[in-house]
Every structure is written in C-alpha cells, then in structure tokens.
Amino acid sequence: MGMAVELERVLGDTLKKGIVSVPSMSRDAMWASEDKSSFPKLHNSRIDYREGGVNNQPDARSLDTTHDIIDLVEKLTETDTLVVLVSGGGSALLYMPRPVLAQEDKLELCKKLQNAGADITELNTVRQKLSLVKGGGLARMAYPASVVTLILSDIVGDPVDLIASGPTVYNPRTPEHAVAILKKYNLFQSLEGNLKTVVTSKEPFNDKPLLNPATAKTATKQFKHVTNIILGNNTMALEAAKLEASRKKLTPIILKNNVTGNVQDVSSAYVHLTSLICLVLLNELERQEFYDKVRTMSILSLSTDKVDEIFHHLIGNLDGIVLIGGGEPTVVVTGHGKGGRNQELALRFSLDWLAKIKTYPRFAEYDVIMLSAGTDGQDGPTDAADVNEHIDHLVLKTMEVERMLPENVLKENDTYNFYSRFKKGTDLIKTGNTGTNVMDLHFIYIKKRPCKCEIDSSDKSIYEEDILNIHDLHIDALTMEKYKAACAPLKFKKDELLQTPSLTTEAKAEKPFLKSIDKNFTDMCCTKKRKVD
C-alpha cells in the first residue's frame with residue numbers, strides 16, 4: 001500500500017486510475033502511520049484501495065477486487081501503460097480460480113499443502129496452476145498494453161516468477177511441477193474431479209505472439225510487453241539492520257539471506273552456531289576447528305570469507321555480537337493452536353539453547369537473546385510481528401519445570417497464546433502492519449554475562465518473584481497443585497541464583513561450611529578477588 005501512495009505522489013496527474021488490493025484492516029492502519037504531509041492526495045486519490053483477505057488467505061472481497069482489476073486491465077490498449085505493484089501476500093489478494101474450480105476446493109488444497117510444510121516456492125507453483133491471473137495470467141490479459149511491474153521480494157533468491165505467484169512473469173505452467181509437489185506431500189492421490197483435471201492438464205493458450213523474440217527459444221522466455229523490476233528484498237533489509245546495529249555500537253554480522261527449512265532444523269542450526277561462538281569466546285575452540293565445524297552445517301553453511309569475518313570479530317570482543325540472518329523457515333502444523341513461524345522459531349531456540357546449557361554449563365556465562373521477526377508485522381494468523389526471547393537466570397534455574405509447558409505448546413502450534421502469557425506478554429512484539437514484506441529477520445545477540453559484582457543486588461525482581469506471577473501461566477486447578485508442589489522451593493535467594501550452574505549439590509553445601517570456618521574466604525569475580533558475604 002505504501003508503494004501505491006508513493007507512486008501516485010511521483011506520477012501526479014499522469015496516473016489515470018488504479019485499484020490496489022490490500023490485506024483486511026490494513027488501510028486505516030497505514031493511513032494512521034503515514035506522514036500525511038508527504039502525500040497531499042491521501043484522501044483525494046485516483047487509486048481505489050480495496051481490503052480483502054484475512055490471515056494471508058483469499059476471501060470473497062479479494063475475489064471481487066480481482067474481478068474489477070481484470071475488467072480494468074482487459075480494456076487497455078497498446079498506447080496504455082499498466083503499472084503493477086507486487087509484494088508479499090499478493091497471492092491471496094489477487095485471486096481468481098479457474099472457472100471450473102470451486103473456490104472451496106482450491107483453498108482447501110492450498111491449506112493442506114501449507115500445513116504439510118511446503119515452502120513458498122512449492123505453494124506458489126501449485127497456486128499458479130489453479131489460477132487465471134497467476135503465472136503470467138495478468139500480463140496475458142493486459143496485452144497489448146505495456147506493463148511495468150515493481151516488486152518487493154518475499155521469497156529466497158528473488159524469483160520474480162514466484163513472488164505473489166508471478167502475475168506478470170511468463171510461466172508455461174506445465175503440469176509436471178505441480179504434480180511432483182503434490183505427490184511429495186502425499187496430496188496428489190486424493191485429488192478428484194475438476195481439481196485433478198486442472199492440475200494434470202496442459203495450458204490451452206498460445207503465448208508465442210506475446211514472447212520477446214530474443215528469449216522465445218530459450219529456457220527463460222519473457223513477455224515482450226512486460227518489464228519486471230525488483231525494488232526491495234531481504235538483502236536490503238539485512239543491510240539496513242546491520243547499519244542500525246552499528247549505530248547502536250554493536251558488532252553486527254550478516255550470516256545469509258536464504259535461511260530455509262523446518263523451524264526445528266533452523267533452530268538447531270542457530271543453537272549449534274551460537275555454541276561454537278561461545279566456545280571461541282571462552283578460548284576453547286581454535287580457528288581451524290571452528291571453521292571445520294561451521295562449514296559442515298547444512299542450513300547455515302557459510303563461505304570461507306564469512307567464517308573468517310565471524311572469527312575476526314570474536315577475537316578480543318567484550319561488547320558482544322549480533323548475528324543477523326534472513327529467510328523464511330516453514331512449520332509443519334500438527335495442532336490447532338494459534339501462532340506463527342517466528343514465534344515457534346524463538347521458542348524452539350530457547351528450549352534448544354537451555355538444553356545446550358545443561359550439557360555444557362559454561363554457556364550460562366553468556367547472555368543469549370534471540371529476536372525472530374516478520375517484516376510485514378504479522379507472524380502467521382496473529383497480530384504479532386515477532387518474539388524477543390531472552391534466556392535469563394530465572395528461566396535457567398526453573399528449566400526443568402517450565403520446559404514441560406512449552407513443549408506441549410509446540411505440539412499444538414500454540415505459541416501466540418503461550419507468549420501472550422509468558423512474562424505477561426512482554427516478549428511478544430506487535431508493530432502493526434508495516435506495508436512491506438521482505439521475509440523474516442533473525443537476530444541473535446551474544447554477550448558475556450555480567451559478573452556478580454556488576455549485578456544490582458537491590459533489584460529483587462530478578463530472583464524473588466513467584467514464577468507463576470512473572471509468567472501469568474495459571475492453568476487448571478489440578479495442574480496448578482502439581483505445579484505448586486514442584487515449584488514450592490523456587491522462591492530463590494540471590495546467592496542461589498548467582499551460583500555457577502555446574503556446581504553439584506555437594507559443592508553447594510561446601511561453600512557456606514568453608515565460610516563459617518574462614519571469614520576471609522574469597523572467590524574470583526572478574527579479574528579481582530571478592531570476599532564472600
């Protein structure tokens with residue numbers, strides 16, 4: 001929507017008419033957030049903004065809007081220029097099933113494919129086969145008018161033929177690709193009637209007169225009347241995030257812009273890389289071993305130059321680093337909860353990192369904070385954009401008790417409801433609709449944890465508050481009684497919270513005993529000795 005407002009400002013009276021399909025409830029939000037002084041035609045526009053689609057799914061309103069767009073486009077002549085604005089979510093907003101298909105059948109198939117864990121490339125390939133306007137359909141309708149398409153990419157690798165399902169990009173839409181994808185997720189065998197006929201049939205149209213002669217005989221055929229231009233993508237967002245982190249005096253490292261795969265695997269990869277970095281900071285891992293281990297990682301396999309960059313920033317680093325990744329992981333939906341891939345990635349990362357600390361307690365010497373964010377301001381069918389997950393002393397101390405609930409949440413894909421209560425919702429970040437979708441951004445901040453002499457002992461909130469009050473995780477009476485019984489000892493004292501996690505029960509008992517014998521007993525804190533109080 002922001003693209004359309006700016007386009008009208010630039011074109012002025014050259015713009016004759018426009019229809020823009022935007023997500024439900026986004027129009028008023030965008031009007032409220034924009035600087036009105038920059039857009040004098042804000043409420044006297046030649047563009048008709050139409051809302052439709054809920055939670056990135058098409059509805060009757062987006063269907064009606066697409067009808068009107070087709071009517072407008074089919075009236076154009078060779079003296080006209082059509083400007084098409086494409087961004088993430090466009091597949092749900094430009095929606096016109098093949099005439100022989102029932103809307104419910106098309107939506108149900110796409111939903112099943114999405115829930116099975118298909119990535120956006122696979123999903124949009126199938127969508128193209130089922131649609132009149134996707135896969136170059138809109139460009140065919142606009143011929144012989146000139147078409148200029150301005151694109152914000154929300155897919156790894158910026159494939160213009162798949163962004164918003166490529167409405168102005170030539171695509172032969174052969175059945176083989178769609179069939180292979182449906183078979184991969186065991187959905188092909190259940191296809192029936194017109195749905196199966198459309199998926200398995202070759203296209204009836206003749207594109208030869210519309211093709212650019214220079215590409216007509218190549219594998220990358222293009223329409224002769226269309227120009228597709230990418231204006232923004234995840235790489236630009238990563239660079240902007242790096243610049244802002246540098247301004248905040250942090251040390252940012254961009255990992256890669258094509259992080260994909262199941263969130264469970266992505267979490268494991270991020271945790272593994274974080275643990276390797278902590279080992280380097282602890283002087284327990286040499287460069288060559290660090291390089292060898294990073295290079296063998298499947299999801300986060302990095303170039304030699306990138307590994308060298310990371311290692312260089314780690315040497316002598318006292319201020320901490322920020323790892324920045326981009327992409328779009330996927331979630332296999334097994335439950336009936338409410339959540340999104342970013343919230344699920346953050347929760348999985350938290351649990352995986354706590355498990356890593358348990359196997360090697362020295363990792364607890366580092367603060368590790370993860371932020372997983374959707375650039376469009378909406379993570380799944382929720383009003384949250386992202387989750388900021390911080391592993392603190394209290395969460396570490398109560399890991400065994402708290403771990404049970406999050407794991408059940410993951411089975412039900414109910415991360416939104418969990419984070420709405422966890423820490424009373426303070427980790428759940430709600431930006432509202434941003435009007436821009438260039439996939440997700442992942443941030444992992446790693447810094448040496450403050451030592452005992454730097455912790456404000458007057459702040460009792462970090463160690464003396466009831467865990468149920470902190471997280472507002474009150475549940476049914478029976479479970480509550482079990483929880484209270486398990487958590488009865490968890491009114492922590494400061495000395496217990498600051499105890500090194502690797503100490504055994506016997507070791508914990510020795511310290512006060514030594515103190516009672518020797519009033520001058522000391523332990524190490526930073527580079528100086530500190531007397532035990």
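Would a scan of region 153-175 turn up a residue that is of a type in the set (S, T, N, Q), in a loop (DSSP other than H, G, I, E, B), within 25 Å of Gly261 (Cα to Cα) and modelled with pLDDT of 95 or more?
Just the residues of region 153-175 that are of a type in the set (S, T, N, Q), to begin with: 153, 165, 168, 171, 174.
Going one step further and asking which of them are in a loop (DSSP other than H, G, I, E, B), we end up with 153, 168, 171, 174.
Subset that is within 25 Å of Gly261 (Cα to Cα): 153.
Narrowing the set further to residues that are modelled with pLDDT of 95 or more leaves 153.
The answer is yes; a qualifying residue exists.
For (1) over 25 Å from Glu122 (Cβ atoms); (2) of a type outside the set (Val, Ile, Thr); (3) surrounded by fewer than 21 Cβ atoms within 10 Å (Cβ to Cβ), each residue gets a yes or a no:
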| position | (1), (2), (3) |
| --- | --- |
| Lys306 | yes, yes, yes |
| His313 | yes, yes, yes |
| Gly316 | yes, yes, yes |
| Val322 | yes, no, no |
| Val332 | no, no, yes |
| His336 | no, yes, yes |
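Among the candidates Leu113, Leu150, Leu107, Leu132, single out the residue that is more than 27 Å from the chain's Cα centre (by Cα) and either surrounded by fewer than 21 Cβ atoms within 10 Å (Cβ to Cβ) or farther than 28 Å from Val10 by Cβ (or both). Even if it seems obvious, please write down each step before you answer.
Working: Leu113 fails: more than 27 Å from the chain's Cα centre (by Cα); Leu150 fails: more than 27 Å from the chain's Cα centre (by Cα); Leu107 fails: more than 27 Å from the chain's Cα centre (by Cα).
The conditions single out Leu132.
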Condition met for Gln378 (buried (at least 21 other Cβ atoms within 10 Å of the Cβ), in the same structural domain as Lys249 (by the TED database), of a type in the set (S, T, N, Q) and modelled with pLDDT under 80): yes
Region 283-331, residues that are closer than 22 Å to Gly157 by Cβ and part of a loop (DSSP other than H, G, I, E, B): Met297, Ser298, Ile299, Leu300, Ser301, Leu302, Ser303, Glu328, Pro329, Val331
Leu150 closer than 29 Å to Thr81 by Cα, in contact with a Ser or Thr (Cβ under 6 Å, 6 or more places away or on another chain) and not in a loop (DSSP other than H, G, I, E, B): no
Single unsatisfied condition, Val401 versus (1) under 23 Å from Glu244 (Cβ atoms); (2) modelled with pLDDT under 90: (1)
Condition met for Val438 (assigned to a loop (DSSP other than H, G, I, E, B) and modelled with pLDDT of 80 or more): yes
Any hit, region 350-363, residues being out of contact with any Lys or Arg (no Cβ under 9 Å at 6 or more places or on another chain), buried (at least 18 other Cβ atoms within 10 Å of the Cβ) and without any contact (Cβ under 8 Å) to a residue 60 or more places away in the chain: yes
Cross-chain or 6+ apart pairs with Cβ under 6 Å, region 149-166 first and without any contact (Cβ under 8 Å) to a residue 60 or more places away in the chain, then part of a helix (DSSP H, G or I) and of a type outside the set (Ser, Thr, Tyr): Leu162/Asn124
Among the residues listed as Ile299, Ile253, the single one being modelled with pLDDT of 95 or more and under 25 Å from Ser350 (Cα atoms): Ile253
Selection from region 184-194 of residues that are assigned to a helix (DSSP H, G or I) and over 12 Å from Ala116 (Cα atoms): Gly193, Asn194
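So, in region 78-104, of the ones that are acidic (Asp, Glu) and touching a strand residue (DSSP E or B) at 6+ places or on another chain (Cβ under 9 Å), which residue ends up surrounded by the most Cβ atoms within 10 Å (Cβ to Cβ)? Working first, answer last.
Here is the first cut: in region 78-104, the residues acidic (Asp, Glu) are 78, 80, 104.
From the residues that got through so far, the ones that are touching a strand residue (DSSP E or B) at 6+ places or on another chain (Cβ under 9 Å) too are 78, 80.
Numbers: Glu78: 9, Asp80: 14.
If we take residues in region 78-104 being acidic (Asp, Glu) and touching a strand residue (DSSP E or B) at 6+ places or on another chain (Cβ under 9 Å), then Asp80 is surrounded by the most Cβ atoms within 10 Å (Cβ to Cβ).
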Residue in region 225-235 that is at pLDDT 95 or above, out of contact with any Asp or Glu (no Cβ under 7 Å at 6 or more places or on another chain), in the same structural domain as Leu85 (by the TED database) and part of a loop (DSSP other than H, G, I, E, B) present: yes
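Here is a yes/no grid of residues against (1) within 30 Å of Arg362 (Cα to Cα); (2) in contact (Cβ under 8 Å) with a residue 12 or more places away in the chain; (3) crowded, with 20+ Cβ neighbours inside 10 Å:
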{"residue": "Asn206", "(1), (2), (3)": "no, no, no"}
{"residue": "Phe223", "(1), (2), (3)": "no, yes, yes"}
{"residue": "Ile230", "(1), (2), (3)": "no, yes, no"}
{"residue": "Thr235", "(1), (2), (3)": "no, yes, no"}
{"residue": "Leu243", "(1), (2), (3)": "no, no, no"}
{"residue": "Lys249", "(1), (2), (3)": "yes, yes, no"}
{"residue": "Val259", "(1), (2), (3)": "yes, yes, yes"}
{"residue": "Asp265", "(1), (2), (3)": "yes, yes, no"}
{"residue": "Tyr270", "(1), (2), (3)": "yes, yes, yes"}
Some residue of region 269-287 being touching a Phe, Trp or Tyr at 6+ places or on another chain (Cβ under 6 Å) and of a type in the set (Lys, Arg): yes
Ser190 more than 19 Å from Ile155 (Cα to Cα), surrounded by fewer than 16 Cβ atoms within 10 Å (Cβ to Cβ), without any contact (Cβ under 8 Å) to a residue 24 or more places away in the chain and in contact with a Pro (Cβ under 8 Å, 6 or more places away or on another chain): no
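Of these, Ala346, Ala355, which one is part of a helix (DSSP H, G or I) and either of a type in the set (Lys, Arg) or closer than 16 Å to Leu441 by Cβ (or both)?
Values: Ala355 fails: either of a type in the set (Lys, Arg) or closer than 16 Å to Leu441 by Cβ (or both).
The unique qualifying residue is Ala346.
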Unmet requirement for Leu123, which otherwise passes all of (1) touching a residue at least 40 places away in the same chain (Cβ under 8 Å); (2) surrounded by 17 or more Cβ atoms within 10 Å (Cβ to Cβ); (3) within 25 Å of Asn234 (Cα to Cα): (1)
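The values are calculated or read from the model by the stated rules, or taken from the named source; none is laboratory data. Everything numeric in this text was worked out from a predicted model, so none of it was measured. Positions of Cβ are backbone-derived with ideal geometry, glycine not excepted, and every protein chain shown enters the neighbour counts.
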